[in-house]
Structure formats: C-alpha cells, structure tokens
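Visitor: The structure's right below; bear with me while I get my questions together.
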Amino acid sequence: MSYTEQFIQTDDLHPIDLAETLAEHHEWEFDRVADDQIAMAVEGRWCAYSVTLAWSAGDETLRLICTFEMRPPEDRLPELYDTLNRANDLCWAGGFTYWPEHGLMTYRYGLVLAGGQMAGAEQITALINAAVMASERFYPAFQLVGWGKSSATEAMKMAIAEAYGRA
C-alpha cells in the first residue's frame with residue numbers, strides 16, 4: 001500500500017476533494033475556493049508557494065498553478081525571460097511563465113484526464129511535488145538574474161549544479 005493510500009482509501013473521489021485531503025494531511029493552509037478549485041500554501045526552502053488546483057470538467061483537465069512573488073527591476077526582464085526559457089528546457093512536465101502585471105513567477109501544468117479518467121492521490125501528490133521541486137530548483141537562478149545581476153548562463157549553471165550536487 002502506498003503512502004497516500006494509507007489515508008485515502010477510495011479511487012472515486014473528486015480530484016479537488018483528494019487535494020483537500022492531502023492538504024489536511026500535510027497541514028498546509030488551504031482555501032476551498034469553489035467545488036472545482038482549491039488554493040494551498042506550501043512551505044518551501046526559499047519561500048511559501050501558492051499552489052492552486054482547478055478541475056475543468058469540460059476539457060477533463062486538472063490544472064495546477066504554483067506561484068511565488070517576483071518583482072525584478074524592469075531592466076532585468078529580458079535576462080529573466082532568457083533564464084525562464086532555459087529553465088523550461090529542463091522541465092519535463094509543466095513550465096514557467098512570468099506575470100509582470102501581478103509580480104508572479106508561475107509554474108503551470110495541466111493533467112488531461114480524458115475519457116472519464118480520475119486522478120488518484122499519488123498523481124495529485126506527484127503534481128504538487130513536481131511544481132514545488134521545480135520552483136525550488138530555479139528560484140535561486142531567477143533571483144540571481146533579477147537582483148544579483150547574473151547572466152542567464154551563470155544563473156542556470158547554479159541551478160543545474162544544485163540539482164545534481166547532492167549525495
């Protein structure tokens with residue numbers, strides 16, 4: 001029996017109900033925004049990440065959006081976008097975008113569950129973990145480019161070394 005199956009015993013729960021159960025289990029702050037949407041605060045090493053999951057029955061997609069604040073100086077945006085593109089090249093699932101009007105770096109992923117498929121607790125856990133891990137991995141690179149005046153190349157070397165530098 002998997003870790004999440006120990007506290008969630010059914011496969012027919014709505015994906016947002018499963019996400020709520022996971023949030024309660026991990027003691028994350030959360031707000032059930034609507035029947036089909038939940039917002040959670042997941043504490044990371046660098047900051048607290050805002051994670052939102054929303055279910056769209058029409059296109060059978062569970063959408064994850066993980067954000068953190070980022071308001072770099074205007075003159076650093078071209079280098080930040082270069083860094084963001086380089087980070088996306090290293091992300092197998094999901095990708096980053098920057099929302100300057102909100103001052104948010106955003107990691108997005110859509111899990112398509114066509115044909116009446118349902119997301120299980122393991123999938124939802126993996127979605128949240130992947131988003132937070134990607135954000136944790138590239139957060140320092142985005143910061144170095146935004147405020148440390150590093151180039152995208154230099155910042156990404158640190159992100160890559162960080163990912164492979166632990167035993």
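Visitor: Is it the case that the range 122-130 has a residue that's assigned to a strand (DSSP E or B) and on the phi < 0 side of the Ramachandran plot? Can you show your working first?
Guide: Residues of the range 122-130 assigned to a strand (DSSP E or B): none.
No, that holds for no residue.
Visitor: Pick from the range 66-80 the residues that are more than 13 Å from the chain's Cα centre (by Cα) and surrounded by 14 or more Cβ atoms within 10 Å (Cβ to Cβ): which of them is nearest to Gly95 (Cα to Cα)?
Guide: Ranking the qualifying residues of the range 66-80, first place goes to Leu80.
Visitor: Read through the list (1) hydroxyl-bearing (Ser, Thr, Tyr); (2) over 20 Å from Val42 (Cα atoms); (3) assigned to a strand (DSSP E or B), then give the number of the only condition that Thr67 fails.
Guide: It is condition (2) that Thr67 fails.
Visitor: If you go through the range 91-102 one residue at a time, do you hit one that is within 26 Å of Ala39 (Cα to Cα), among the hydroxyl-bearing types (Ser, Thr, Tyr) and not in a strand (DSSP E or B)?
Guide: No, there is no match, as no residue in the range 91-102 is within 26 Å of Ala39 (Cα to Cα), among the hydroxyl-bearing types (Ser, Thr, Tyr) and not in a strand (DSSP E or B).
Visitor: Please verify whether the range 142-150 includes one or more residues that are of a type in the set (Gly, Ala, Ser) and in a helix (DSSP H, G or I).
Guide: yes
Condition check ((1) out of contact with any Leu (no Cβ under 9 Å at 6 or more places or on another chain); (2) under 26 Å from Thr52 (Cβ atoms)) across all residues:
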{"residue": "Leu111", "(1), (2)": "no, yes"}
{"residue": "Gly116", "(1), (2)": "yes, yes"}
{"residue": "Ile124", "(1), (2)": "no, yes"}
{"residue": "Leu127", "(1), (2)": "no, yes"}
{"residue": "Ala131", "(1), (2)": "no, yes"}
{"residue": "Gln143", "(1), (2)": "yes, yes"}
{"residue": "Gly146", "(1), (2)": "no, yes"}
{"residue": "Lys149", "(1), (2)": "yes, no"}
{"residue": "Thr153", "(1), (2)": "yes, no"}
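Visitor: Scan the range 114-121 and give yes if some residue there is within 13 Å of Leu64 (Cβ to Cβ) and either assigned to a helix (DSSP H, G or I) or touching a strand residue (DSSP E or B) at 6+ places or on another chain (Cβ under 9 Å) (or both), otherwise no.
Guide: Scanning the range 114-121 turns up at least one residue that is within 13 Å of Leu64 (Cβ to Cβ) and either assigned to a helix (DSSP H, G or I) or touching a strand residue (DSSP E or B) at 6+ places or on another chain (Cβ under 9 Å) (or both).
Visitor: Quickly run through the range 81-99 and pick out the residues that are of a type in the set (Asp, Glu) and surrounded by 14 or more Cβ atoms within 10 Å (Cβ to Cβ).
Guide: So in the range 81-99, the residues of a type in the set (Asp, Glu) come out as 82, 89.
Asp82, the sole residue that qualifies.
Visitor: Pick from the range 53-65 the residues that are under 11 Å from the mean Cα position of the chain (by Cα) and open to solvent by 30 Å² or more (accessible area, probe 1.4 Å): which of them is nearest to Gly110 (Cα to Cα)?
Guide: Step by step, filter the range 53-65, then rank; the result is Arg63.
The values are calculated or read from the model by the stated rules, or taken from the named source; none is laboratory data. Here the structure is a predicted model, which is why all the values come from computation and not from measurement. A quick note on method: Cβ atoms are made from the backbone with ideal geometry, for glycine too, and the neighbour counts reach across all protein chains shown. These accessible areas exclude ligands, DNA and RNA; they are computed on the full protein's heavy atoms, side chains included. Shrake-Rupley method; radii C 1.70, N 1.55, O 1.52, S 1.80 Å.
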